[in-house]
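The next block holds one structure in the form of structure tokens; read it before the comments.
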Amino acid sequence: MDFQIRQAITANVLGSDAAEFKDIVNDAISRGEEHLLPGLGVFLETWWQASTEDDRTHFAEKLAQKFAN
């Protein structure tokens, strides 16, 4: 992913609270538009970098379960 995209997405959400992030994610998912995927990727990358190893493992296990079927 291009670094400028990361910067733009980050600048657009600076100062957002938890409810706003939840709304952003829910809106992006409900729309199902592929051009919104980079933003979700930046959110995931940021969360991943700030998470503990236990949080990462739990997340990876949930993904594995969802994609196992």
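Each value in this text was obtained by applying a stated rule to the coordinates, not by laboratory testing. Everything numeric here is computed off the predicted structure, so don't read it as measured data. Using ideal geometry, Cβ is built from the backbone for each residue, glycine included, and neighbour counts are taken over all protein chains shown.
So the values come out like this:
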read-out: Prolate/oblate/rounded label for the stretch 6-45 (Cα gyration tensor, a/c 1.5); value: oblate
read-out: Among 7-17, 33-43, 59-69, the order from most to least packed when residues are scored by Cβ within 10 Å on average; value: 33-43, 7-17, 59-69
read-out: Projected label distance in nm at residue 3 and residue 40, using a 7 Å step from Cα toward the beta-carbon; value: 2.7
read-out: Charge-dipole axis of the chain as Lys and Arg at +1 and Asp and Glu at -1 on Cβ define it, positive-most pick from 14, 52, 63; value: 63
read-out: Cα gyration tensor of the chain - equivalent ellipsoid semi-axes, whole Å, descending; value: 22, 16, 13
read-out: Fully extended contour minus Cα-Cα distance, from residue 51 to residue 63, at 0.36 nm per residue; value: 2.7 nm
